[in-house]
Every structure is written in structure tokens, then in C-alpha cells.
Amino acid sequence: MEVAALEKLVKQLLVEQLGTKIDPIKKAAPAGARSGVFETVDEAIAGAKKAQKEFAKLRLEDRKKAIDAVREAMLLQVEAMAQRAYEETGLGNVADKINKHKLAIEKTPGVEDLVTGIQTGDHGMTIYELSPYGVIGALTPSTNPTETIICNAIGMLAAGNAVCFGVHPSAKNSCLVVIEQLNIVLKEAIGIENLIVTINQPSIKSAEELMTHSDVSLLVVTGGPGVVRAAMGSGKKVIAAGAGNPPVIVDETANIEKAASDIVSGASFDNNILCIAEKSIVAVASIADFLMFQMEKNNAFFLKNEADIKKLVDLVTIDQKSINGKYIGKSATEILKAANIDCDFSPRLIVFEATKDHLLAKHEQLMPVIPFIRVNDFDEAFDVALEIEKGYGHTAVLHSQNISRLNRAARDFQTAIFVKNGPSYAGLGFGGEGAATFTISTPTGEGTTTARHFAKTRRCVLTDGFTIR
């Protein structure tokens, strides 16, 4: 089918399904003429502030209409968004990015997440309502750039806000296209433009301007520790996603075949660039060899030759002191080729045996290379995993059929996400129950964020009435 005919068909389908004339695959306008894209932070926030005032006058039904329009239109774009993000950042792979976009679009909660609290008694009634902050400043990462924009935008719109995104410069073009498309969809759905804005040339300076702007009421930061520290020093209310280094424990009671499949799937998903992905394997010795065997059956490649392990580590680290950013998000095949290590198939994950003190156990590597740590029993496994997790409180995974161990780990890890007997990405709602989120706020305590976290709680009191008990 020719492009023109395809665009006409998509437009027709949207008119039928949404009652709108929006064309979601409209080509991006030239720089300076994009909907929602401004030259300066001041201009962007001024546009968002004006739009939010109009948006605040609408009903919850209108917010839902806007979000439904976003979901419908962006679902038609998942392949294009995934391809653009991969080509621009060079991180991960297209197939997994498609799934991440679908997850963000389909499972991010909307207005239904805004639950009202109520108390009644002899002295009347008090309700607790969730109200918008106004304009939110949101910084997004290069690892999940457009997925984070869609996920955050849905939640922030549901709470009644407008948002100015400070996008990562290395994912700029992908993000600008999505922000423009979201604005076009929203204008057609509810008649308001600039609810979602950004600037044409993001930079460190523009991020600083966004974080300190007087008209930004809330900062939502999904990025590295440096930008989190800067946001925390802004004096504003901050929701910040922090560092993680998730371990996965496998004990002798686990379903080893399933554990092996889940670990390979989770640790290799989008080449391990998700912050929740398994970064180290801690296995009880009695099942360690069988676990290795089952992982190999699931396309993991075990390095057993010390010379090969050294070549790998020398490649993916800098002097075995820090992670080599050049290989972040690259595939296992690319990494093996660069390390000049022979492999006669295309593995999903590279695994090698190590100690708990190995650099790749102590630091988040963000690539499909994972250390395998053998321990004597569950107690040692748990202590090692706690040490590896470093108290970040981000994510941990345990494969076990022992209820008391599952309970102990859930209590003592104190992580925002704890996955039992599944791949790590189940903690994001992918193949697991629960809402999708791409901002996991550990330093500020919100955990897996949804619409209710992007709203402030207000207390409204009526005295001497409305209790019927």
C-alpha cells in the first residue's frame, strides 16, 4: 500500500474511533513550527501555564477523553517510536522497545487513579481530594525516552496538570516528534494546545532553568544521580527516580527451569537498559550448575575460559574501575564481537562466574552482561544480595517456593519493587499485575508513580452535616 493511501486509511480509522480529524502520522513540522516545541524554557512554560488554566476548567470526563485520544493515536505509532528511539540512541532493540511503548500506552492509569478519601462523624464531613499542581517540570532519560514521556504525560494529564519536558539531548529528535504528536492529538480531542511542551534544543543549562523556574510547581526527575541531586537542591517538591542495582536470588526450592527462563528474559530485555532489570545472579550452590544449564537452554552464553572473561571485563569496563559507557545498551552479539570472543550462536545474555566484589556486581552495568555468584545457602545468598543492592531500595527478585523466605525478602529488602518467581519486568506490569510506570521514585519515597503522585492532597471540611450513621 502506498504511503498516501495508508495515511488516508489511518485517518479514516481515527475519525471513526475517536470522532476526531487528527492524523497521528503527520510528519513533524520544521524546527520552530512544531506544536508544543518552543525555543526557550520561559516560552515553553508560559505556553503550558496558559494551557493548564484552560485544562483546569474541564471536567474529569474531558480529561479521560484526552487520555483516551492519546492512547488510541499513540498505539498506531509504537513501531515508529521504537525505531526512532533505537536509531537515535543506539540503545536496546526495536522489538523490546515496541513492547515498552505498548505497556506505557495501555497500562498507565488515568483519572481512575484519583481516589477521593472521606471521613464523617458527629462534627460533619471531611473529604480529601487530589488536585493539580499546575505546571510540572519533568526530566527524562535516554534509556526510555519516549516511553517515559507517554507514561508521565498520561498520569500528569489525568491529575489535571500541564508538563514541560526536559528531554535528554541524545534522544532529542525522537522526543520532539512524540511531543508534537501528543499536542496535535490533545488539541483535536479537547481544543487545548501546549499541555505538553518542551524546547527545541535541550541542554544542561535548559534543564537547570526548568528546575528553578518560578512557574514550575513540581519536578519529576527520571535520570542519573547527578540530575537527581540538582533537582533536590532546587527548593521545589521533587519526585525523583534513583539509582538501582537489582540482584536476583535463586534458592534450592525454586522452579529452576522457570527461574532460568525468567532471568534470561528479564536481564536481556532491551539489552538490560531498564533500571529494574536483573544485574547480578546469586545462586545457592546445590542448584547453581543446573541453573547455568537451564539458562544456556534459554540462549544465555556462559564464559568459562578465564582469558575470555578477562577480555570481556577489559572491554566493558574502564581499567576495571568503572563501566564503559560505549557498550551500554549494546547486544550480547555486538559485545562478544568487540571483545573478540567466539560464539557460534546469537546469545541474548552473557554470563560469567564471579565474586560479590566484582565490579560488575557492585555497579549497574546496563548491558546484557551479568555476573553469576555462587553461595552456600539461602542465608548467605540473602546477605550477598543485600550487599549488592546497596540499600538503594529500588528492585530485587527472588525465585523460591519457600514462603518464609519470600516473606523475609519482601520485608527486609525494602525495595520499591520486589518480584517473586518472575522476570524483573513483571514489576512494571509487563507480564505481571499492576500499573505501568517508568518513573520509580526511590529517593523521595513514592515508589512506582502514577497519576495520584502527580496531584496534591487538599482537605475540604463541612461542619455539622452529611453524616447519616
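The values are calculated or read from the model by the stated rules, or taken from the named source; none is laboratory data. Keep in mind that this is a model prediction, so the values were computed, not measured. Glycine gets a Cβ as well: all are built from the backbone with ideal geometry, and neighbour counts include every protein chain shown.
Quick notes on this one:
- Verdict on Thr355 being surrounded by fewer than 17 Cβ atoms within 10 Å (Cβ to Cβ), modelled with pLDDT of 95 or more and closer than 26 Å to Tyr86 by Cα: no
- Condition met for Pro24 (closer than 25 Å to Ala159 by Cβ, of a type outside the set (A, V, I, L, M, F, W, C) and modelled with pLDDT under 95): yes
- Filtering Asp344, Asp377, Asp383 for residues that are of a type in the set (Asp, Glu), assigned by TED's automatic domain parsing to the domain that holds Cys275 and modelled with pLDDT under 95 leaves a single hit, Asp344.
- Cβ-Cβ under 7 Å pairs, at least 6 apart or on other chains, the stretch 153-166 side more than 27 Å from Ile204 (Cβ to Cβ) and touching a residue at least 60 places away in the same chain (Cβ under 8 Å), far side assigned to a strand (DSSP E or B) and polar (S, T, N, Q): Gly160/Ser131
- When the stretch 391-407 is filtered for residues that are surrounded by 15 or more Cβ atoms within 10 Å (Cβ to Cβ) and either outside any loop (DSSP other than H, G, I, E, B) or touching a Lys or Arg at 6+ places or on another chain (Cβ under 8 Å) (or both), the ones remaining, listed by number, are Thr395, Ala396, Val397, Leu398, His399, Ser400, Arg405, Leu406.
- Only one of Asp344, Asp383 that is outside any loop (DSSP other than H, G, I, E, B) and surrounded by fewer than 20 Cβ atoms within 10 Å (Cβ to Cβ): Asp383
- Looking only at the stretch 451-469, residues that are of a type in the set (Ser, Thr, Tyr) and under 30 Å from Asn152 (Cβ atoms) come to 1 in all.
- Boolean, Gly191 is over 16 Å from Ser35 (Cα atoms), more than 23 Å from the chain's Cα centre (by Cα), surrounded by fewer than 18 Cβ atoms within 10 Å (Cβ to Cβ) and not β-branched (Val, Ile, Thr): no
- Count - residues of the stretch 394-425 that are out of contact with any helix residue (DSSP H, G or I) (no Cβ under 8 Å at 6 or more places or on another chain), touching a residue at least 24 places away in the same chain (Cβ under 8 Å) and closer than 26 Å to Ile239 by Cβ: 2
- Counted residues, the stretch 433-449 - those being assigned to a loop (DSSP other than H, G, I, E, B) and either within 17 Å of Ser265 (Cβ to Cβ) or among the small types (Gly, Ala, Ser) (or both): 4
- Phe430 vs. criteria assigned to a strand (DSSP E or B) and either among the aromatic types (Phe, Trp, Tyr) or free of Cβ contacts under 8 Å to residues at least 60 places away in the same chain (or both): no
- Residue check, Thr467 at pLDDT below 95, under 21 Å from Tyr128 (Cβ atoms) and surrounded by 15 or more Cβ atoms within 10 Å (Cβ to Cβ): no
- Only listed residue being closer than 25 Å to Ile273 by Cα, of a type in the set (Val, Ile, Thr) and out of contact with any helix residue (DSSP H, G or I) (no Cβ under 9 Å at 6 or more places or on another chain), chosen from Thr442, Thr437: Thr442
- When residues in the stretch 95-141 are screened for being β-branched (Val, Ile, Thr) and either within 16 Å of the chain's Cα centre (by Cα) or not assigned by TED's automatic domain parsing to the domain that holds Glu208 (or both), 4 of them pass.
Results for (1) touching a residue at least 24 places away in the same chain (Cβ under 8 Å); (2) part of a helix (DSSP H, G or I); (3) surrounded by fewer than 20 Cβ atoms within 10 Å (Cβ to Cβ), shown as yes or no for each residue.
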position: Glu87; (1), (2), (3): no, yes, yes
position: Gly92; (1), (2), (3): yes, no, no
position: Lys100; (1), (2), (3): yes, yes, no
position: Met125; (1), (2), (3): yes, no, yes
position: Ile136; (1), (2), (3): yes, no, no
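- Test: Ala381 is touching a strand residue (DSSP E or B) at 6+ places or on another chain (Cβ under 9 Å) and farther than 27 Å from Lys311 by Cα: yes
- Odd one out for Gln294 among (1) outside any helix (DSSP H, G or I); (2) crowded, with 16+ Cβ neighbours inside 10 Å: (1)
- From the options Phe372, Phe301, residue that is crowded, with 18+ Cβ neighbours inside 10 Å, more than 17 Å from Leu91 (Cβ to Cβ) and touching a residue at least 60 places away in the same chain (Cβ under 8 Å): Phe372
- Members of the stretch 202-238 found to be of a type in the set (S, T, N, Q), touching a residue at least 60 places away in the same chain (Cβ under 8 Å) and not in a helix (DSSP H, G or I), listed by number: Ser217, Thr222
- Lone qualifier among Phe293, Phe269 - being free of Cβ contacts under 8 Å to residues at least 60 places away in the same chain, farther than 30 Å from Ala455 by Cβ and out of contact with any strand residue (DSSP E or B) (no Cβ under 8 Å at 6 or more places or on another chain): Phe293
- Options Ile350, Ile309; residue that is in contact with a Phe, Trp or Tyr (Cβ under 6 Å, 6 or more places away or on another chain) and part of a helix (DSSP H, G or I): Ile309
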